[in-house]
1. Could you look through the range 41-55, keep only residues that are in contact with a Ser or Thr (Cβ under 8 Å, 6 or more places away or on another chain) and either open to solvent by 20 Å² or more (accessible area, probe 1.4 Å) or not in a helix (DSSP H, G or I) (or both), and pick out the one that is farthest from Asn186 (Cα to Cα)?
2. Residues Ala152, Ala174: which one is under 29 Å from Gly53 (Cβ atoms), at pLDDT 95 or above, open to solvent by less than 10 Å² (accessible area, probe 1.4 Å) and not in a loop (DSSP other than H, G, I, E, B)?
3. For residues in the range 56-109 being of a type in the set (Val, Ile, Thr) and either assigned to a loop (DSSP other than H, G, I, E, B) or without any contact (Cβ under 8 Å) to a residue 12 or more places away in the chain (or both), which is farthest from Ser173 (Cα to Cα)?
4. Can you confirm whether the range 26-36 contains a residue that is β-branched (Val, Ile, Thr) and within 27 Å of Glu165 (Cα to Cα)?
5. Open to solvent by 10 Å² or more (accessible area, probe 1.4 Å) and in contact (Cβ under 8 Å) with a residue 40 or more places away in the chain: which single residue out of Pro118, Pro158 fits that description?
6. Based on this model, can you work out whether Trp87 counts as under 20 Å from the mean Cα position of the chain (by Cα) and crowded, with 21+ Cβ neighbours inside 10 Å?
7. When residues of the range 42-75 are filtered for being at pLDDT 95 or above, small (Gly, Ala, Ser) and more than 21 Å from Glu145 (Cβ to Cβ), how many remain?
8. I'd like to verify a number: residues in the range 10-40 that are farther than 20 Å from Leu120 by Cα, touching a residue at least 24 places away in the same chain (Cβ under 8 Å) and part of a helix (DSSP H, G or I), how many?
Amino acid sequence: MKPAAVLFDMDGTVVDTEPYWMATEHAIAEANGGTWTQADAMSLVGNDLLVSGTYIKAKLHLDESPEEIVEMLLDGVVRQVEQAVPWCPGARELLLELHEAGVPCGLVTMSYQRFVAPILAQLPPETFRVVVTGDMVANGKPHPEPYLTAAAALGSRPEDCVAIEDSPPGAASALAAGMQVLVVPNHVEVPPQPGFHYRRSLTDVTAADLESLPFRDPSTVNLP
C-alpha cells in the first residue's frame, strides 16, 4: 500500500550536518576554555536543541541561557550550511522521486527554521508540503508531538505514514506516534526493536520500497 505520507528527519537523514553541529560545539567549548569530547557530541545527536543547550551550559559552566546557547549553535551551523549542503547518500534522489510520484512528504526536525531555510532552498518548491521544526512544538523528540503535528498538517493518519530516521530519539518519536519507521543509522547506533525497519543507506531505497514495509525482521540486522 502506498504510504499516505513520508516524513523525513533532517540532520543525519536528509543532510549529514551532524559534523557541522559537532564542530560548532567544539568551537564553543574552546572559546570558553572548556573541553568537549566525542562522547559529549554523540550524546546530543537527535536531541531537542534546548536539551542540547542545557547540556552544553552545564558541561561548560556558561553564563548564557540554554536559549542563547542554541542561537550560538545555530549561528555556527548555518554559516557552514550556507557554504555547502552535505546531502546524505540517496536522500535527495528519494525525495525527488516521491515528489514526482505525488507522495506527500514532510520534514520533521528538531533544528530551527532559520537553519532549515537554506536547505529547503536547494530543493524544488513543495518538495516538503509540511515542515515541523523544533521551535514549533512544545515537546521535542523523543516525544511523539513533532510527528503527530506533521501528520495532522498533512491530513494523514499516523499509522498510514512512514517516517525515516537515523537516531534513537527520532525513531522513538515516530514509533510513539504510531508510524512505520525506517531507520537508516548514521552517526549513532539505533538498537533494534519491534516496529523499526532498517536499511544501511537510502541509495537503494525507492518509493516502491516504502509501499512494502517491513523490509526485514529487525532482530536479524547487525547494526554498525
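The values are calculated or read from the model by the stated rules, or taken from the named source; none is laboratory data. What you are looking at is a predicted structure, and each value in this text was computed from that prediction instead of being measured. When we count neighbours, we look across all protein chains shown, and the Cβ atoms used for this are built from the backbone with ideal geometry, even at glycine. Areas reflect the complete protein model, heavy atoms only, side chains present, ligands, DNA and RNA absent. Shrake-Rupley method; radii C 1.70, N 1.55, O 1.52, S 1.80 Å.
1. Across the range 41-55, the extreme among qualifying residues is Tyr55.
2. Details: Ala152 fails: open to solvent by less than 10 Å² (accessible area, probe 1.4 Å).
Step by step, each of Ala152, Ala174 is checked, and only Ala174 is under 29 Å from Gly53 (Cβ atoms), at pLDDT 95 or above, open to solvent by less than 10 Å² (accessible area, probe 1.4 Å) and not in a loop (DSSP other than H, G, I, E, B).
3. Of all residues in the range 56-109, those of a type in the set (Val, Ile, Thr) come to 56, 69-70, 77-78, 81, 85, 103, 108-109.
Checking the rest, the ones that are also either assigned to a loop (DSSP other than H, G, I, E, B) or without any contact (Cβ under 8 Å) to a residue 12 or more places away in the chain (or both) come to 85, 103, 109.
On the way: Val85: 25, Val103: 22, Thr109: 11 Å.
Only one residue fits best here, namely Val85.
4. Residues of the range 26-36 β-branched (Val, Ile, Thr): 28, 35.
Now restrict to residues that are within 27 Å of Glu165 (Cα to Cα): none.
Looking through the range 26-36, none of the residues is β-branched (Val, Ile, Thr) and within 27 Å of Glu165 (Cα to Cα).
5. On the way: Pro158 fails: in contact (Cβ under 8 Å) with a residue 40 or more places away in the chain.
Pro118 is the lone residue from the list that is open to solvent by 10 Å² or more (accessible area, probe 1.4 Å) and in contact (Cβ under 8 Å) with a residue 40 or more places away in the chain.
6. On the way: under 20 Å from the mean Cα position of the chain (by Cα): yes; crowded, with 21+ Cβ neighbours inside 10 Å: no.
Judged against the criteria, Trp87 is not a match.
7. Result for the range 42-75: 2.
8. Just the residues of the range 10-40 that are farther than 20 Å from Leu120 by Cα, to begin with: 22-40.
Add one more test, that the residue is touching a residue at least 24 places away in the same chain (Cβ under 8 Å), and what stays is 23-25, 27-29, 32, 34, 36.
Now narrow it down to the ones that are part of a helix (DSSP H, G or I): 23-25, 27-29.
Final tally of qualifying residues: 6.
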